[in-house]
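> Before anything else, here's the structure in question.
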Amino acid sequence: MTTSSPPTARISHAAFATLLLIALMMGANHVAARVAFDHGVDVITAVTVRSTVTALAVGLLLALQGIPLRLEARHGKVLPGIGGLIAVQSLCLYAAVARLPVALALLAFNTYPLWTALWARILYRHRAERRVLLAMPVMLLGLAMALDVLGAASGLGAAAQWRQIGTGVAFALAAAATFGLALVVTQHEASDVDGRVRTLTTMACVAVIALAVSATRGGLHLPNAMPGWVGLAALTFLYGTAFTVMFTILPRLGVVGNSAIMNVEPIFALGIAWWVLGQSIAPVQLAGGLLVVATVVWLGLRRR
């Protein structure tokens, strides 16, 4: 979910550094998830553990800060729906990370601004801004380069390349579409709810849904080796810490809502995945990834 704070003309150095730290932790979280997946953890288990611990941490912070949990009746109806969307998004994104190089999964997910514009048009009849329309073909071109859709960089050819990446790309795009829908619904139906309370309810819903799904699949699938435990602990810590910082510290720093700076997450993930997992991509894929990130940042920095 995204923070909401009063718009400011310029972002402070502290807020800028904090946003970069959050992007770094989010990128590292997905690399840690891949480590866990490679050692016996399934997607449902990762989402369950991550969301449960984050919900408990945010709930504790709210209790310590004395933040009331009062919600209007309409919020009680819409917040579980938002939680359900984020649950689907979380499962799909981790499923993509389990099947694709981490950076490519995140790049495909970073198309969510386009989905946000589409959902806003469908549900609330909002016309997309001219800048969004201009960004669409550029972002899609960058994504096509990053994913090597023709199989030129890999030498596999288009058909073999899509047999290899097709399922992962589908999960990443499903995550982007679901997240875009969640953002639109949140903006129009729950923007007046305190961001910390919204995070608590969202993470609690995700945890409950993930636990219910895991129960139908024989329970949680825990790591079968020490690296898996390290990965599971790291993804939980990184995700929980990033969300806690996002909703407790950033509002005090006066950061612009939905800041585009955090969209450098795939770049951080690329470096960490190369170092930890040995994953690398071809130069043309890197160029495509940078094009996607630059376009998303350009969109996020537009004046609203």
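> Relative to the Cα centre, what is the charge dipole magnitude of the chain, using +1 at the beta carbon of each Lys and Arg, -1 at the beta carbon of each Asp and Glu, and rounding to the nearest 20 debye?
Dipole about the Cα centre, nearest 20: 720 debye.
> Further question on the same structure: Please express the Cα-Cα pair-distance distribution P(r) of region 103-153 as a list of whole percents, one per 10 Å bin, running from 0 to the bin with the greatest distance.
It works out to 24, 45, 24, 7, 0, in whole percents.
> Give the relative contact order (percent, whole number) for region 13-300; include only Cα pairs under 8 Å separated by 6+ residues.
44 percent
> How many times 2.2 N^0.38 Å is the alpha carbon radius of gyration of region 116-225?
1.45
> If you stretched the chain out fully between Thr216 and Ala287, how much longer would it get, using 0.36 nm times the residue separation minus the C-alpha to C-alpha distance?
Contour length minus the Cα-Cα distance gives 21.3 nm.
> If Lys and Arg each add +1 and Asp and Glu each add -1, what is the summed charge of the other residues whose beta carbon sits under 15 Å from the beta carbon of Thr202?
Every neighbour counted, the sum reads +2.
> Calculate one ³J(HN,Hα) per residue across region 127-136 by plugging θ = phi - 60° into the Karplus curve 6.51 cos²θ - 1.76 cosθ + 1.60, and present them in order as whole Hz with x for glycine and proline.
Running phi through 6.51 cos²θ - 1.76 cosθ + 1.60 with θ = phi - 60° gives 6, 5, 5, 4, 5, 5, 5, 5, 6, 4 Hz.
> Write down, largest first, the equivalent ellipsoid semi-axes of the chain in whole Å, where each equals the square root of 5 times an eigenvalue of the alpha-carbon gyration tensor.
The answer is 28, 25, 18 Å, longest axis first.
> Going toward the positive end of the dipole of the chain, with +1 on Lys and Arg Cβ and -1 on Asp and Glu Cβ, which of Val35, Thr54, Leu220 do you reach last?
Thr54
> While we're here: I need the phi-derived Karplus couplings for region 140-147: 6.51 cos²θ - 1.76 cosθ + 1.60, θ = phi - 60°, integer Hz, Gly and Pro marked x.
Result, rounded to whole Hz: 5, 4, x, 5, 4, 5, 5, 7.
> Still on this structure: Can you report the principal axis dimensions of region 61-177 using only the alpha carbons, biggest first, rounded to whole angstrom?
58, 34, 23
> Tabulate in residue order the Karplus-calculated ³J(HN,Hα) for region 191-203, using 6.51 cos²θ - 1.76 cosθ + 1.60 with θ = phi - 60°, rounded to whole Hz; enter x for Gly and Pro.
5, 8, 7, 3, x, 5, 5, 5, 5, 4, 5, 5, 5
Any read-out appearing in this document is the output of simple, stated calculations on the displayed coordinates, not a laboratory observation. This is a predicted model, so every value here is computed, not measured. A quick note on method: Cβ atoms are made from the backbone with ideal geometry, for glycine too, and the neighbour counts reach across all protein chains shown.
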